[in-house]
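Take a look at the structure below.
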Amino acid sequence: MKRKIFLFGLLLAAGLTLLLGIGPAGAEDLKARFQALKTVTPEMLKQMADGTVPWPEWMFPLSSWTDEEIKKLPPEFWQKVRAQEKQWPEYIARQAGLFRQEYGPGIKNYYDLFLDEQAEMKKPGYEKVSPPVEAKKTLKRLIDLAYLPAEKLGSLQGNPLNNIRAFSFNKGRLRVLPLDILEISPAGRVVLPSGPEGNPQDGDGIFNGRDRIFFMVLDAGHKVAKNFVREKIPGIKDLEEAEISYPAENEKGWVYLASFGQNPPEKSPADNIQFCPETSITFNPFSLNQTEPRKMKGKIVPTLKIRSWFTPPAMGGLPIDIYDRLRIRIALRFHIGSTGDNEDELNVSWRAWYDGQVISYNRAAWKQSTPLGIGAPVVFDDILANAFSVYDYITYYSPFDPAIFMKDFEVIIGEEMNRNAREYTEALKGWHLTERDRTGYAVDGMMSEREKTRDPKWVKWHLFTGMAGSVLMRVDYDEYLQQHSTITLDWRDDDTAIGNYDTHMVVHRPSTRTEHFLLEWNVVPFFFNEDHSKFGWDNLDLVLKRVDKPVVFALPNGEKFSVERYLNVPNVGKEFKFFKF
């Protein structure tokens, strides 16, 4: 009944060692590697973070596997994994070079850029403007992923997706921004061009209908005249200005969206997230994650089972594999009995995906058994990841009337930190955040005013941090589950349960065919202060803001609308037929 899965995306990298370049090293080599980690000084970490020295060879490979797990997959696979892992620090250095070239020697990633912007905003006279700037950016947002629907951008509709670009004015000039466009078919299906069950045939390549443009709120800049944008960027066909604001704090920023004819400008060289389905590896400048592939019908396919999570020196972390597993257990009780499945009996591979500059969006599905062997309930995962966050919107769908057959179903979602990683982290003078360490924020509990209006048992969050990295997780449930479920959060960090939390939900007599719950993970960037006895609570607050304080868009026609996080809620009754089992 245990299933180890992963909420795809955004997560972190470090090392083991491939045996003869093929597989991970044995236990003795692993111990030697951790002994070597103890020799890493703050100065060495800084040099690796700045890209002035390469990561040592002994840091690779990154993911930790047992000998039994290694034998299940061919040597060629491990060679690909080794090559992909070594691309991650190269990618970080390449992205850092782009940022330095664009924004100056002290800026190597989005986080550095954000801190630089915030420092600039605090200087006396910052609000004063001179041409071409008409108003200064005051928006204080780091990790927010924003989107604009095609229906709000009338002049851009009807243009090819490949001919649309986004720009902002910052640090003295206009820059093209990383941008993604998700197509939504007339039937409401997200058009995913890749993967074993991709549906590119559902898209027409034209920006219209329910299509959506995605970009990072952080990329917003100062307000300039639209004529200035046209003068500096030749070939613009249609141009829209979007003001992004947090009205309660009078924070604002501006983005310019444009369509072009046959020769649009080059896309942004910044690529915020990479997905490598052949190795089940996903990485960005702040994190790397590998999920565990499996052999299926003679092929190696990616699954949702978490493998490894790492943070790079650029984020102030040590390259230690800090994750052992994330598990989901689903048990169903029917009038005629009960049932449960384990991961080996289920096809939990990713079905289709979108891999872009700003987001990776994935679909997955698996089917539960029933005592009668018919009418199996299906779980759909919709997983969205960007450079800082990943959230997994899980839809439980029953093709039959659950009120007739089902008494209740139970889902346990939880995680345990890798005990070996904890042992070595402690040797490196790392620490765990516990109740007695609390300073200024609750470690686990409610966060926002919106959430405080609910019964506290419905929305839970938990923060774990250590020398190997920091992560914040939260769980939320749809209205039906809030009203008809028993939900508890069991969190412990002691000798018997290390960095462990389980969210336990029992739904009593479901009366609808579809239920939802949401898991959200946030990387907490630079959570550690140089003085490890102090918490970087301001940085934690940056992570929480995106959820608690949604941004507002204003268009030149005077229309204003709030943009919550993007969640795709599929019509699984209609989409069910498109997924093969």
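Quick one: of K38/K545; K122/K549; K223/K267; K136/K545; K71/K574; K31/K545, which pairs are farther than 29 Å apart, Cα to Cα?
In this structure, K38/K545; K71/K574; K31/K545 lie more than 29 Å apart at Cα.
Sort the following peptides by mean Cβ neighbour count (other Cβ atoms within 10 Å, averaged over residues), highest first: 388-400, 134-146, 282-294, 64-76. Please report the intermediate quantities before stating the final value.
On the way: 388-400: 22.3, 134-146: 20.2, 282-294: 26.4, 64-76: 13.8.
The packing order, highest mean first, is 282-294, 388-400, 134-146, 64-76.
Among 357-369, 474-486, what's the highest-first ranking by average C-beta atoms within 10 angstrom per residue?
357-369, 474-486
Collect residues whose amide H, placed 1.01 Å from N in the peptide plane, falls under 5 Å from the amide H of G195; neighbours closer than 5 in sequence don't count.
Correct list: W353.
Grab the other residues whose beta carbon is less than 11 angstrom from that of P556, score K and R as +1, D and E as -1, and report the net. Write out the running numbers ahead of the final one.
Details: positive: K226; negative: E240, E241, E243, E559.
Once positives and negatives cancel, what remains is -3.
Can you work out the Karplus-derived ³J(HN,Hα) for every residue in region 503-512? Use 6.51 cos²θ - 1.76 cosθ + 1.60 with θ = phi - 60°, whole Hz, and x for glycine or proline.
Values per residue, Gly and Pro as x: 9, 10, 10, 10, 9, 9, 6, x, 10, 10 Hz.
For L288, enumerate residues with amide H under 5 Å from its amide H, sequence gap 5+ or separate chain, H modeled in the peptide plane.
Correct list: L11, L12, A13, F310.
Please list, in order along region 270-275, the HN-Hα scalar couplings obtained from phi with the Karplus expression 6.51 cos²θ - 1.76 cosθ + 1.60 (θ = phi - 60°), rounded to whole Hz, x for Gly and Pro.
6, 10, 6, 8, 10, 10
So who's got an amide H within less than 5 Å of the one on S63, skipping anything under 5 residues away but keeping other chains? H placed 1.01 Å off N, in plane.
Close amide H contacts, sequence-distant or interchain: L16.
Each value in this text was obtained by applying a stated rule to the coordinates, not by laboratory testing. It should be emphasised that the depicted structure is a prediction, and the values quoted were computed from it without experimental measurement. Neighbour counts run over all protein chains shown; Cβ positions are idealised from the backbone, glycine included.
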